[in-house]
Amino acid sequence: MNWQPCDQRYEKLTYRRCGNSGIQLPALSLGLWHNFGNITPFSVQRDLLRTAFDSGITHFDLANNYGPPDGEAERNFGEHFLRDWKPYRDELIISTKAGYGMWPGPYGDHGSRKYLIASLDQSLQRMHLDYVDIFYHHRPDPDTPLEETMSALDHIVRSGKALYVGVSNYPAELADRAFSMLKEMGTPCLIEQPKYSMFERWIEGGLTDVLRKHKVGCIAFCPLASGLLTNRYINGIPADSRAAHDPRFLKPGAITPEVLSKVIKLNALAEERGQKLSQMALAWVLRDPVVTSALIGASKPEQILENVQCLQAGPFTQEELDRIDQILAE
Ligand SMILES: NC(=O)c1ccc[n+]([C@@H]2O[C@H](COP(=O)([O-])OP(=O)(O)OC[C@H]3O[C@@H](n4cnc5c(N)ncnc54)[C@H](OP(=O)(O)O)[C@@H]3O)[C@@H](O)[C@H]2O)c1
């Protein structure tokens, strides 16, 4: 029998308007960067996606190079899509990106019109989709004129292969120019996707002002610092954790005594607030309405269930925010 999602799925999460667009995104979105490649059983991937949707998460984020190997997360998502998701396509916001190396030669990387359009065509094929909801340029390309990259995004929307466009990892000044160009072309930027967590606060130094000025939404990636901002590593490195079993990006060496000391203090503050550290870290990212959604990863369905409760402890007091700043500055 076909899978039936939970009838109460829209009663569990809040939805936040993305900039001044017509789109609302769930406060939490699920990214497929890890745990959707060839090292994760298909049944685990299926359970993660189903749990997310049953919890009210309507947005799944991919990129051409998510795996391993490159392209595998989109291929797997495409298989899940055919089995579970096709009847629910209009309830989903599916995004993908291009900007990192995907195929050999000079046309499989960076920000040219040639690369972006070809890459999206490949992504759509892998995912068995006619269109994506959001297509991103994944990272700035200093060697391609910004006009070329932005006009490729505009073209992609006009060709019907994406409904909206976004940029990722663009610093404030570049984002400012990109947003103005896209607006002039008639394809306003829906969203920027930057890295943002208690441990990575660069967006507060200018980008959030640019987002507010242009009324562009923001989806914060790695809000849990890939698992550091949870109780995962407080008593060592568990064998099933990312740092142990898939240390492509989160290396065990990143879990230093200094980091752990902050995590332990933040964990105590979270307990005082009556929540888990993971939940407090997500609520903290969402404390500013300029952040539309926190883009989490998960290796277990229970993590998603825990994370979707992140706003239940209520807003932070100024004293709590000051204490967090103090701990982070130590
Ligand atoms: N645009 C870009 O350049 C870019 C770059 C990177 C990522 N992203 C996007 O951001 C998404 C999220 O990145 P991320 O996976 O690093 O995000 P994250 O949410 O910071 O970290 C997710 C990891 O934290 C652990 N975790 C999650 N919930 C937990 C809980 N309740 N308790 C304990 N541990 C928990 C899990 O690690 P374990 O595996 O240890 O269980 C999980 O895989 C990606 O999938 C991708 O869509 C975008």
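Here, each number is a calculation from the coordinates, and none is a lab measurement. Note that the coordinates shown come from a computational prediction; the quantities given were computed from them, not determined experimentally. A quick note on method: Cβ atoms are made from the backbone with ideal geometry, for glycine too, and the neighbour counts reach across all protein chains shown.
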Check: So how long is each side of region 240-279 along the principal axes, counting just the alpha-carbon atoms, biggest first, in Å?
Finding: 34, 20, 13
Notebook entry, point to check: Normalised by the residues of the chain, what does the relative contact order come to in percent, with Cα pairs under 8 Å and at least six apart?
Noted result: 18
Next item on the list: Grab the DSSP H runs of the chain that are 4 residues or longer, score each as -39,500 (n - 2.57), total them, divide by all residues and round the 222 nm result to the nearest 500 deg cm²/dmol.
Entry: -11000 deg cm²/dmol
Notebook entry, point to check: So how much slack lies between Ala118 and Ile39, counting 0.36 nm per residue of separation and subtracting their Cα-Cα distance, in nm?
Noted result: 25.7 nm
Notebook entry, point to check: By how many nm would the segment from Leu174 to Val259 grow when fully extended, if each residue of separation counts as 0.36 nm and the alpha-carbon distance is taken off?
Noted result: 27.5 nm
Check: What's the long-distance tail for region 216-293, i.e. % of Cα pairs beyond 20 Å?
Finding: 37
Notebook entry, point to check: Which of the listed residues, Leu48, Tyr196, Tyr233, is farthest toward the dipole's positive end in the chain, when Lys, Arg count +1 and Asp, Glu count -1 at the beta-carbon?
Noted result: Leu48
Item checked: For region 1-68 and region 95-135, distance of Cα centres in Å -> 21
Note to self: I'd like the distance separating the alpha-carbon centroids of region 306-326 and region 244-279, in whole Å.
What the structure shows: 16
Next item on the list: Estimate the FRET efficiency between Arg158 and Arg17 by the formula 1/(1 + (r/R0)^6), using the beta-carbon distance for r and 25 Å for R0, to the nearest 0.05.
Entry: 0.55
Notebook entry, point to check: Among the trypsin sites (Lys or Arg not before Pro) within region 163-226, which fall in a DSSP loop and have no more than 16 other Cβ atoms within 10 Å of their own Cβ?
Noted result: Arg201, Lys215
Next item on the list: Select from region 42-138 those GluC sites (Glu not before Pro) which occupy a DSSP coil region and have at most 16 other Cβ atoms within 10 Å, ordered by residue number.
Entry: none
Next item on the list: Work out Dmax and Rg for the chain from the C-alpha atoms and quote the Rg first, both in angstrom.
Entry: 19.2, 55
Notebook entry, point to check: Hey, got a sec? Which chymotrypsin sites (Phe, Trp or Tyr not before Pro) in region 1-97 land in a DSSP loop and have at most 15 other Cβ atoms within 10 Å?
Noted result: Trp3
Next item on the list: Compute the length gained on full extension between Arg248 and Arg323: take 0.36 nm times their separation in residues and subtract their Cα-Cα distance, giving the result in nm to one decimal.
Entry: 23.7 nm
Margin query: Once you place label points 7 Å from the Cα toward the Cβ at Tyr131 and Arg89, how far apart are they in nm?
Written below: 1.1
Margin query: Under 19 Å from a point placed 7 Å out from the Cα of Leu305 along the Cα-to-Cβ direction: which residues of region 1-28 have their backbone N that close?
Written below: 4-14, 28
